[in-house]
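Since the structure comes first, as structure tokens, the remarks are kept for the end.
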Amino acid sequence: VLRGRERTALPTPPGLPASPNLQCAFLVAEISEEVQRAQEEWEAVEEIQSGLWGTLASAAPPISFNEALQYFQTADLSECRKKVQATVRRQGLAALVHFLFGPPRLQPQLQGERELALAMAQCGLDDNERVHMRILQTIYKKLTCSRLGCPRYGAHWEELGFQGADPGTDLRGTGMLGLMQLLYFVMDAQTLPLAHEIFKLSQHGTQACGVQAAVTLGLLQNFPFCIMSVNITRIVIQALREECLSRECNRRQQVIAVLNDLYAAAFLQLYRLWKWQHKTIADCGFLLKELEFSAKKKPKQLLKSLEAYVNRCPAADGLPRPSPAPGKEMDFTGVCDPQVELEGEARLI
């Protein structure tokens, strides 16, 4: 209303009721509908984004270890190779002792394969590399026995034993070699049953019906499967760089195959100790030290243990299977003295 002028009514927009009160109610209702519609559209976008990787992953066929290895053999890893330090540098007396009494050097024709393995360990997970994503999805499908893929990020990776929603952040120190060894583990017909058994053990007590009883008995044996796998790969890399595997590589004229077998053998030893001695996550640091010692000092014994497992000959690997006497732990043949000081770190990263 303007002073000194007549009150002039505003024209009613088409589609609105004539009453001002009804107009307000109509506008509020229309705004609410717009907000709700916008919210639904945004939620639909989120669903499309979260389901996109699952849809694409379902369409992508599983990748074999050999196909993935061929990719890395032909890929440009020049930047990764620059970071490679093939062997541990020793100086002074340590270098002299290693030269006189240490293991033999890797033969020249095998050094290129060693460099490839260490270059893969320097290569990070790349969302833009289709082969990287196929490796990740194949591991997921094989461990979960699922025919469907999964989103690139999400809590489902934590269920597999990664620390968070992005597996790429847990590959420090092992890079794509960490995923390649896990891929070998789940794609090889002889080791896939072992992978499933270890994964099952890593989920021990996590089901709702069994958590309370397991906690009450102090027997909660679950552990992060994929993080443990990364730690074992790290141990294998250290053994390679310290030339502890040179003799076996020279004998077999292979490097990557030896690394994969040692990885599987170390995981087998961890599984048996963890299961039969009722270990828990509190024991993982000690067990990783044992694995590191065995991988560096007794790799041949570890490999024979794996061979015996594959051939279904448990008596040959020296692991006692009967239950231990009350109050006593079972002894594992070939395990190091707990007081041995190791060069590398052996903690769960």
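Structure values in brief
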item	result
Cβ crowding within 10 Å averaged over residues, with 293-302, 127-136, 274-283 ranked highest first	293-302, 127-136, 274-283
Whole-angstrom Cα spans of region 114-155 along principal axes, big to small	35, 19, 18
Projected label distance in nm at V131 and L192, using a 7 Å step from Cα toward the beta-carbon	2.2
Estimated inter-spin distance, Q203 and R147, nm [label 7 Å along Cα→Cβ]	1.9
R172 paired with F286, simple spin-label distance in nm, labels 7 Å along Cα-to-beta-carbon	2.7
Region 234-302-region 102-136 distance, computed between alpha-carbon centres (Å)	18
Accessible-area order (highest first, 1.4 angstrom probe) of the listed residues F199, F286	F286, F199
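The values are calculated or read from the model by the stated rules, or taken from the named source; none is laboratory data. Owing to the predicted nature of the structure, the values given are computational and were not obtained by experimental measurement. Every residue, glycine as well, gets a Cβ built from its backbone with ideal geometry; the counts of neighbours run over all protein chains shown. Just so you know, the surface numbers come from the protein's heavy atoms only, side chains and all, with ligands and any DNA or RNA stripped out. Shrake-Rupley method; radii C 1.70, N 1.55, O 1.52, S 1.80 Å.
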